Amino acid sequence: MTAADLIAALEIPPGARVDRRVPKTLLVEHGAPTAADKRRINEGIEEVQWVAALKPTTIGMPALRDEVREYLEIAVLSATLRAEAKSDRLAELIHRAVPYPVFLLVAEGARLTLSLAHKRRSQGQAGATVLDGDLVAATLTDSDSGGRLSPFQEALSLARQPRADLHQLYQGWIDTLMALHAARVTGVFAVATSPDQAATRREALRECARLDAEIARLRAAAAKEKQVPRQVALNLELKRAEAAWTAAIERL
């Protein structure tokens, strides 16, 4: 899969297309808080394309303004990185550099990663925005080609996302990305049918990730343990963690 494939899946109206190169000087000026980050941008990014500006006048969807956030526009960007670039940090810097929420595709060789991150008003600088939480991201791999990527691509279409306002649209894309993560565990891709179900899935995915690490730790500790009573205790802990993991999977 390429960035062009995923952009085509969005079915963006022609009037929303920008297709303009973003100067790296803008990213350095607005998204690099340290000298090391400036160097990462200059040395790690080949180019960034501003693909589209999704706003009320281009996609017919209302903006959102409240005390916490202001969603006037969503920027669709596509970045190409050079070999050995720090892709995770560069993706975060690009999200930080743009005042609007960003639908960001990052290509690094054959690897393509989609990331999203909500924005909120800055409490320390009038008129500025900051990231509201961590990036939500997924690297699209060959192992997804067994029936998961096609429904994922179809679900990304603007026509299939919530249309109440731009914030709901952006949250819809985040929920679609979480559905892909859930499908990698369950083998079945299914978009959440309600905000409550989407929230339950996000929590279950966090629980699965925590339990995966806990199960790996317990297995390693049990394998190294020489004392039988302690081995028994570790195996009991392991069984409880595995049972909790199974319960979390059922909530996906």
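Take segment 198-218 and flag every residue that is loosely packed, with under 15 Cβ neighbours inside 10 Å and of a type outside the set (A, V, I, L, M).
Within segment 198-218, Thr200, Glu203, Arg206, Arg210, Asp212, Arg217 qualify.
Taking segment 224-241, which residues are touching a helix residue (DSSP H, G or I) at 6+ places or on another chain (Cβ under 6 Å) and charged (D, E, K, R)?
Glu225, Glu237, listed by residue number.
Of all residues in segment 13-44, how many are of a type in the set (Val, Ile, Thr), farther than 13 Å from Leu77 by Cα and buried (at least 19 other Cβ atoms within 10 Å of the Cβ)?
So the answer is 1.
Tell me, yes or no, whether segment 64-74 has at least one residue that is open to solvent by 20 Å² or more (accessible area, probe 1.4 Å), farther than 16 Å from Tyr170 by Cβ and under 15 Å from the mean Cα position of the chain (by Cα).
Narrowing segment 64-74 to residues open to solvent by 20 Å² or more (accessible area, probe 1.4 Å): 64-70, 72.
Keeping just the survivors that are farther than 16 Å from Tyr170 by Cβ gives 67.
Remaining after also requiring under 15 Å from the mean Cα position of the chain (by Cα): none.
So far as segment 64-74 goes, no, none of its residues is open to solvent by 20 Å² or more (accessible area, probe 1.4 Å), farther than 16 Å from Tyr170 by Cβ and under 15 Å from the mean Cα position of the chain (by Cα).
When both residues are 6+ apart or on different chains and their Cβ atoms are under 7 Å apart, which pairs have a first residue that lies in segment 6-33 and is small (Gly, Ala, Ser), and a second that is outside any helix (DSSP H, G or I)?
Ala9/Ser157; Ala16/Ala52; Ala16/Ala53; Ala16/Leu54
Mind checking which residues of segment 149-176 are more than 25 Å from Ala3 (Cβ to Cβ) and either of a type in the set (Ser, Thr, Tyr) or open to solvent by 50 Å² or more (accessible area, probe 1.4 Å) (or both)? Quick ask: steps written out before the conclusion?
Of segment 149-176, the ones more than 25 Å from Ala3 (Cβ to Cβ) are 164-165.
Ala164, the sole residue that qualifies.
Tally time: how many residues in segment 46-82 are closer than 19 Å to Tyr100 by Cβ and in a strand (DSSP E or B)? Working first, answer last.
Just the residues of segment 46-82 that are closer than 19 Å to Tyr100 by Cβ, to begin with: 48-79.
Then drop every residue that is not in a strand (DSSP E or B), which leaves 48-54, 64-65, 70-71, 74-79.
Count: 17.
Check Ala221, Ala179, Ala190, Ala183 and return the single one that is out of contact with any Phe, Trp or Tyr (no Cβ under 8 Å at 6 or more places or on another chain) and either open to solvent by less than 40 Å² (accessible area, probe 1.4 Å) or part of a helix (DSSP H, G or I) (or both).
Working: Ala179 fails: out of contact with any Phe, Trp or Tyr (no Cβ under 8 Å at 6 or more places or on another chain); Ala190 fails: either open to solvent by less than 40 Å² (accessible area, probe 1.4 Å) or part of a helix (DSSP H, G or I) (or both); Ala183 fails: out of contact with any Phe, Trp or Tyr (no Cβ under 8 Å at 6 or more places or on another chain).
Sole residue among the options that is out of contact with any Phe, Trp or Tyr (no Cβ under 8 Å at 6 or more places or on another chain) and either open to solvent by less than 40 Å² (accessible area, probe 1.4 Å) or part of a helix (DSSP H, G or I) (or both): Ala221.
Evaluate the following for Arg240: is it at pLDDT 95 or above, open to solvent by 80 Å² or more (accessible area, probe 1.4 Å), farther than 22 Å from Asp134 by Cα and not in a loop (DSSP other than H, G, I, E, B)?
Values: at pLDDT 95 or above: yes; open to solvent by 80 Å² or more (accessible area, probe 1.4 Å): yes; farther than 22 Å from Asp134 by Cα: yes; not in a loop (DSSP other than H, G, I, E, B): yes.
Spelling it out, Arg240 is indeed at pLDDT 95 or above, open to solvent by 80 Å² or more (accessible area, probe 1.4 Å), farther than 22 Å from Asp134 by Cα and not in a loop (DSSP other than H, G, I, E, B).
So that you can scan it fast, the table gives a plain yes or no per residue for (1) modelled with pLDDT of 95 or more; (2) under 20 Å from Ala32 (Cβ atoms):
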position	(1), (2)
Val106	yes, yes
Ala110	no, no
Arg120	yes, no
Asp142	no, no
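With the condition kept exactly as written, say whether any residue in segment 146-165 is part of a helix (DSSP H, G or I), in contact (Cβ under 8 Å) with a residue 40 or more places away in the chain and under 26 Å from Ala85 (Cα atoms). If you could, list the steps in order and put the result at the bottom.
Here is the first cut: in segment 146-165, the ones part of a helix (DSSP H, G or I) are 149-156, 158-160.
Filter again for in contact (Cβ under 8 Å) with a residue 40 or more places away in the chain, leaving 149, 153-154, 156, 158-159.
Those left that are additionally under 26 Å from Ala85 (Cα atoms): 149.
Yes: one or more hits.
Being under 19 Å from Leu64 (Cβ atoms) and of a type in the set (Gly, Ala, Ser), is that true of even one residue in segment 160-170? Before you say what the answer is, go through the steps one by one.
Restricting attention to segment 160-170, the residues satisfying the condition of being under 19 Å from Leu64 (Cβ atoms) are 161-170.
Still in the list and also of a type in the set (Gly, Ala, Ser): 164.
Looking through segment 160-170, at least one residue is under 19 Å from Leu64 (Cβ atoms) and of a type in the set (Gly, Ala, Ser).
The values are calculated or read from the model by the stated rules, or taken from the named source; none is laboratory data. A quick note: this is a predicted structure, and the numbers were derived from the prediction, not measured. Every residue, glycine among them, receives a Cβ derived from its backbone with ideal geometry; neighbour counts consider all protein chains shown. Quick note on the areas: whole protein, heavy atoms, side chains included, nothing else; ligands and nucleic acids left out. Shrake-Rupley method; radii C 1.70, N 1.55, O 1.52, S 1.80 Å.
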